[in-house]
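Asks: Got a structure here, written out as structure tokens. Questions coming.
The values are calculated or read from the model by the stated rules, or taken from the named source; none is laboratory data. Small disclaimer: the values here were computed from a predicted structure and weren't measured. Positions of Cβ are generated from backbone atoms using ideal geometry, with glycine treated the same way; all protein chains shown enter the neighbour counts.
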Amino acid sequence: MKSLFQKALLSITCLLLISLTHATLAQEFSRAVQPYVTIEDNLVALTHAKLIDGTGAAVKTDQTLIYEDGIITAIGPSASTPVPSGAKEIDCSGKTIIPGLVMLHEHIFYPKPYDGIFSVAQMTFTFPRLYLAGGVTTIRTAGSIEPQTDLNIKQSIIDGKMLGPKMDVTGPFIERPGTPVPEVAAIKSSDEAEAMVNYWSDRGVNSFKVYQNVTKEDLERVVKTAHARGKKVTGHICSVTYQEAAEIGIDNIEHGFFQSSDFVDDKVENFCPAFKRGQSLRNLPEDSPKMKALIDYLIKSNVAITSTLPVFEPYTGREIVLGNGLDAMSPEIRESLVNSHTRMQGRDEASQAHFKKQMAWEKKFYEAGGHLLAGTDPTGAGRTVAGYANQRVIELFIEAGFSLTDAIKISSLDGARFLESADKIGSLEVGKQADIVLIDGDLEADISNIRKMELVFKDGIGFNSPAIFESMKGKVGMH
Ligand SMILES: [Zn+2]
């Protein structure tokens, strides 16, 4: 039996522990993070906002949202949702709030071709914080070149040492020889593919991506191994058709229907017919019954499709760096982007027509009940940059004919559903994490107001979006 003294000591220890845990709730931020933290209050009320909740529900006006300790506690009409005493009130009159975006094709690297070789470089310092500035509170990296760096970045963000979103880190590209990118390793057997999944799962990677030259057997082994460990598999595929990947049990396919080799007549098994694929897609009519059949099969097989419209955006009459990101670029890259953009004006009719058709296919997939996800893919010709491109995603969904509420839902709740985190993130609902974007304008009146993000809240901490964007000007490509 414990003595009274022991009991007293025990309860004092318990009290100490409780106060310690309580103290750690208020996170400490490093000198790199603190200057961009605008709101740190525990109890916050966003009042008189136009609200798009991310569930697809209609836009609501004059709403109040309250959160405490990073969790949303109330949402309702401002008239009937009183601001609790002691709450920090932010008047959102004339402004819009949407959920923090959840985007699923967000690399931490950027293209740096040289000597005619396509190469990519890790953007450890610019990209994570630009995602956050662009309203993205959760990303999946959808293929890493430095998976250990990405895992370390994720931890540094959790620890308050770096600015950035919540991260679902994807393993390194799983690929056979045939992709001449110096940062991409090539496997020689399906055993190696399986070993990669196990190795990186042990180190905290949560998703996997196969690339365009894998075999069906590689994909089978990756899917089987990943699923056994509770992880999902996506693919930027070509050697394996969308139909075959769905049969094998892939969870997700990247890049809308841009990479589909399903319509190449004499397709050879396990071989990527890169040229014929482009041709077959350009020749395929928008209302092709073959495409409809593929869409239906993907939906039946529960395969999600990630739309990455920004990386395919044509040149003519469009921005150099999508979402007005040209000033973010380091001088050398900026110059080369301006030059190639000038050169391409009026010379991309085919890609303009194809882009339009691809938008229509993504919309058909969504309208038939398909699980469409949103992403940017900051690669390609270098016009797609973290943060800026994520805002551009929303504008492109509107251009494709999606409703505003669907565009937001695809870019928030539908991504969270895929990550199996919809109980915590993805929409503005009571009980969920306070991941919120405050837009300085009426998003319903003008979609380009998506570029006027004022504050991006992650777990109730409000970050200054314009200041983060400003701090990264001239840095992308370098850091
Ligand atoms: Zn990609």
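Asks: Within the set of pairs 6+ apart or on separate chains, which have a first residue in the range 439-457 that is under 11 Å from I394 (Cα atoms) and surrounded by 23 or more Cβ atoms within 10 Å (Cβ to Cβ), a second that is modelled with pLDDT of 95 or more and small (G, A, S), and C-beta atoms under 9 Å apart?
Replies: I450/G135; I450/G323; I450/G441
Asks: Shifting gears a bit: Cβ-Cβ under 7 Å, sequence separation 6+ or interchain: first residue in the range 298-313 and assigned by TED's automatic domain parsing to the domain that holds G370, partner assigned to a strand (DSSP E or B) and away from the ligand (no atom under 16 Å from the Cβ). Which pairs?
Replies: As it stands, the answer is I305/L372; S307/L372, since those pairs meet every condition given.
Asks: Quick one: which of L163, L130, L104 is surrounded by 24 or more Cβ atoms within 10 Å (Cβ to Cβ), within 16 Å of the ligand (Cβ to nearest atom) and not charged (D, E, K, R)?
Replies: L104
Asks: Same structure again: Within the range 108-183, which strands (runs of 3 or more DSSP E) (wholly inside it) include 3 or more residues that are in contact with a Leu (Cβ under 7 Å, 6 or more places away or on another chain) and under 18 Å from G415 (Cα atoms)?
Replies: The qualifying strands (runs of 3 or more DSSP E) are 136-140.
Listed here are the residues, each with its yes/no results for (1) more than 15 Å from the ligand (Cβ to nearest atom); (2) outside the structural domain of V456 (by TED's automatic domain parsing); (3) crowded, with 20+ Cβ neighbours inside 10 Å; (4) not charged (D, E, K, R).
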site: G135; (1), (2), (3), (4): yes, yes, yes, yes
site: T138; (1), (2), (3), (4): yes, yes, yes, yes
site: G143; (1), (2), (3), (4): no, yes, yes, yes
site: D150; (1), (2), (3), (4): no, yes, yes, no
site: D159; (1), (2), (3), (4): yes, yes, no, no
site: M167; (1), (2), (3), (4): yes, yes, yes, yes
site: T170; (1), (2), (3), (4): no, yes, yes, yes
site: F173; (1), (2), (3), (4): no, yes, yes, yes
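Residues are listed down the side, and each one gets a yes or a no for (1) among the hydrophobic types (A, V, I, L, M, F, W, C); (2) free of Cβ contacts under 8 Å to residues at least 40 places away in the same chain:
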{"position": "V33", "(1), (2)": "yes, no"}
{"position": "T47", "(1), (2)": "no, no"}
{"position": "G56", "(1), (2)": "no, no"}
{"position": "Q63", "(1), (2)": "no, yes"}
{"position": "I71", "(1), (2)": "yes, no"}
{"position": "V83", "(1), (2)": "yes, yes"}
{"position": "E106", "(1), (2)": "no, no"}
{"position": "F109", "(1), (2)": "yes, no"}
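Asks: Return yes when I98 is within 30 Å of G382 (Cβ to Cβ) and either charged (D, E, K, R) or in contact with a Pro (Cβ under 9 Å, 6 or more places away or on another chain) (or both) and no when it is not.
Replies: When the stated conditions are applied, I98 does not pass them.
Asks: Any residue at all in the range 294-307 that's farther than 21 Å from F173 by Cα, among the hydrophobic types (A, V, I, L, M, F, W, C) and in a loop (DSSP other than H, G, I, E, B)?
Replies: No.
Asks: Can you tell me which residue in the range 328-378 is nearest to the ligand (Cβ to nearest atom), limited to those that are surrounded by 14 or more Cβ atoms within 10 Å (Cβ to Cβ) and β-branched (V, I, T)?
Replies: The qualifying residue nearest to the ligand (Cβ to nearest atom) is T376.
Asks: So if I check each of I398, I394, I410, I436, which one is assigned by TED's automatic domain parsing to the domain that holds T137 and over 14 Å from the mean Cα position of the chain (by Cα)?
Replies: That would be I398, the only listed residue that is assigned by TED's automatic domain parsing to the domain that holds T137 and over 14 Å from the mean Cα position of the chain (by Cα).
Asks: May I pose another question? Scan (1) over 20 Å from E106 (Cβ atoms); (2) more than 22 Å from the chain's Cα centre (by Cα); (3) not polar (S, T, N, Q) for the single condition I320 breaks and write down its number.
Replies: Going through the list (1) over 20 Å from E106 (Cβ atoms); (2) more than 22 Å from the chain's Cα centre (by Cα); (3) not polar (S, T, N, Q), I320 breaks only (2).
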